[in-house]
1. Among the residues of region 37-50 satisfying the criterion of being part of a loop (DSSP other than H, G, I, E, B) and either β-branched (Val, Ile, Thr) or surrounded by fewer than 20 Cβ atoms within 10 Å (Cβ to Cβ) (or both), which is modelled with the highest pLDDT?
2. Return yes or no: is Pro53 modelled with pLDDT of 90 or more and not aliphatic (A, V, I, L, M)?
3. Of the residues Glu343, Glu294, only one is at pLDDT 90 or above and among the acidic types (Asp, Glu); which?
4. Collect the residues in region 135-187 that are touching a Lys or Arg at 6+ places or on another chain (Cβ under 8 Å) and open to solvent by 60 Å² or more (accessible area, probe 1.4 Å), keeping them in residue-number order.
5. What is the residue count in region 84-108 for residues that are buried (at least 20 other Cβ atoms within 10 Å of the Cβ) and among the basic types (Lys, Arg)?
6. Please find, among Asp269, Asp277, the residue that is free of Cβ contacts under 8 Å to residues at least 12 places away in the same chain and surrounded by fewer than 19 Cβ atoms within 10 Å (Cβ to Cβ).
7. Which ranges mark the strands (runs of 3 or more DSSP E) fully within region 77-168 that have 3 or more residues being among the hydrophobic types (A, V, I, L, M, F, W, C) and closer than 25 Å to Arg292 by Cβ?
8. When you scan region 227-248, how many residues do you find that are surrounded by fewer than 19 Cβ atoms within 10 Å (Cβ to Cβ) and within 15 Å of Gly192 (Cβ to Cβ)?
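The values are calculated or read from the model by the stated rules, or taken from the named source; none is laboratory data. None of the values given here were measured: they were computed from a predicted structure. Positions of Cβ are generated from backbone atoms using ideal geometry, with glycine treated the same way; all protein chains shown enter the neighbour counts. We work out accessible area using only protein heavy atoms, side chains counted, and drop any ligands, DNA or RNA first. Shrake-Rupley method; radii C 1.70, N 1.55, O 1.52, S 1.80 Å.
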Amino acid sequence: MRIRALAGIGAAGLAFAAARPPDASSPAGSPTPETTRDPAVAGFIQTHTHTSPPSAGRFAWLLSDVVGTVIIPEDERLPAAVLSGIGRPEVSPAARHLSWWTNEAHGLRQLHVFDTITLAKPQVIVETEVFAKLPLLWSTDEELVAFALPDHLSTTRILDLADGRSVDGDSSSIVALPIWSHPAAPGASDPGTSMPRVISRFARPDGSAVTYLDFDSSAGGRWFGERVEVATGARTPVEWSFGGNPLAVIRVGPWAGEAMRFNQAPPRDAEGRITPDGALWSFRQSVTNPVRREAVRGMPYAEYSKSAGSYMPIIPLDLVVYVMVIEVEEPVLFTRGGVSCRELSAFVRSDGRGEGSGGGCMGNTWPTDRLPPAFATPDPRDWSSPKGPPTPGPSTTPSIRR
């Protein structure tokens with residue numbers, strides 16, 4: 001297993017921490033690690049504890065949109081960041097970091113972390129072939145993050161996000177340290193609203209205000225409501241018809257003059273079309289299981305339609321489409337039809353449009369006779385895990401005969 005620590009933000013990250021003004025509304029910095037008996041861990045925490053807790057004078061909406069995850073500061077119309085291809089991220093307890101997993105080539109998984117205050121490029125903090133859920137521990141100042149090593153869960157790594165340095169120690173001892181913050185329970189403060197209907201309610205991370213929202217599905221849809229200050233009861237109208245659906249209110253850094261944009265998917269070709277690698281990467285992100293075998297073939301839609309025995313007039317016959325098959329470790333349940341299978345297929349247009357695209361279940365054995373003729377020829381992208389397929393099938397050679 002490979003574990004990679006953060007890199008590339010060392011000096012800048014330290015300078016930011018040093019220049020950050022104190023915030024009376026934020027929790028105090030990480031306390032002394034009284035409960036650890038490991039001198040290396042204790043020394044690391046003492047050395048890497050920052051005196052100024054991270055804070056942000058601004059708050060922002062975390063929105064889920066068709067373009068990806070969008071961060072829009074409160075009462076503004078321009079996004080601070082647009083993150084594409086990351087799925088639905090987890091929000092840290094202090095709401096200044098986002099984290100998410102991706103499924104990369106050859107069974108590799110990566111855990112990414114994004115600082116919503118610095119808006120620096122997301123960093124990979126874990127790279128592993130082991131499938132395991134890794135809850136993250138965040139220090140109260142969120143300068144330190146800890147996680148169990150996927151292939152050795154009894155060992156936990158503490159990572160300094162500012163300089164990328166880390167220390168490993170006994171998991172039970174590290175989890176018991178008093179420096180970690182924990183997700184807050186839903187805020188008890190409810191200043192109330194004058195709205196006749198509320199379908200969503202979001203509190204700021206510091207509890208200073210609560211936003212009540214309703215949704216209007218007419219004219220393309222819009223979110224609207226009011227933000228109520230807990231201390232004063234002051235009310236501010238809230239409304240947007242762009243950016244997507246609300247996920248949370250988070251902290252955000254100062255305006256940088258333009259939106260930070262990050263697209264995690266492989267780049268498209270010179271004509272803006274999806275590549276085979278890009279299609280396969282996107283398909284991998286739709287599954288939460290470890291991938292054990294995969295294959296992709298590109299072909300004109302005319303060739304695919306002959307193999308499928310049907311076609312859709314809305315898809316040009318000369319358009320290149322990608323047919324993909326992925327075998328995962330654990331069966332995936334399809335609620336429609338109540339079937340589960342390990343072999344999943346997908347059909348994607350190279351122009352990125354959704355008409356005609358789709359996917360489904362291929363059965364519980366690696367298919368040998370249900371795919372277009374193009375699969376009869378091996379391709380360098382075909383891959384089978386050295387751990388071996390979890391179900392009986394043909395040889396590990398990538399050739400698939402029709």
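1. Residues of region 37-50 that are part of a loop (DSSP other than H, G, I, E, B), as a first pass: 37-38, 48-50.
Keeping just the survivors that are either β-branched (Val, Ile, Thr) or surrounded by fewer than 20 Cβ atoms within 10 Å (Cβ to Cβ) (or both) gives 37-38, 49-50.
Details: Arg37: 72, Asp38: 86, Thr49: 75, His50: 67.
For region 37-50, the residue satisfying everything is Asp38.
2. On the way: modelled with pLDDT of 90 or more: no; not aliphatic (A, V, I, L, M): yes.
So Pro53 fails the test.
3. Working: Glu343 fails: at pLDDT 90 or above.
Going through Glu343, Glu294 in turn, just one is at pLDDT 90 or above and among the acidic types (Asp, Glu): Glu294.
4. Listed by number, the list holds a single entry, Asp168.
5. Of the residues in region 84-108, 1 are buried (at least 20 other Cβ atoms within 10 Å of the Cβ) and among the basic types (Lys, Arg).
6. Values: Asp277 fails: free of Cβ contacts under 8 Å to residues at least 12 places away in the same chain.
Only one candidate passes the filter, namely Asp269.
7. On the way: elements: 81-84, 97-103, 109-115, 123-128, 137-139, 144-149, 152-160.
It comes to 123-128, 144-149.
8. 8
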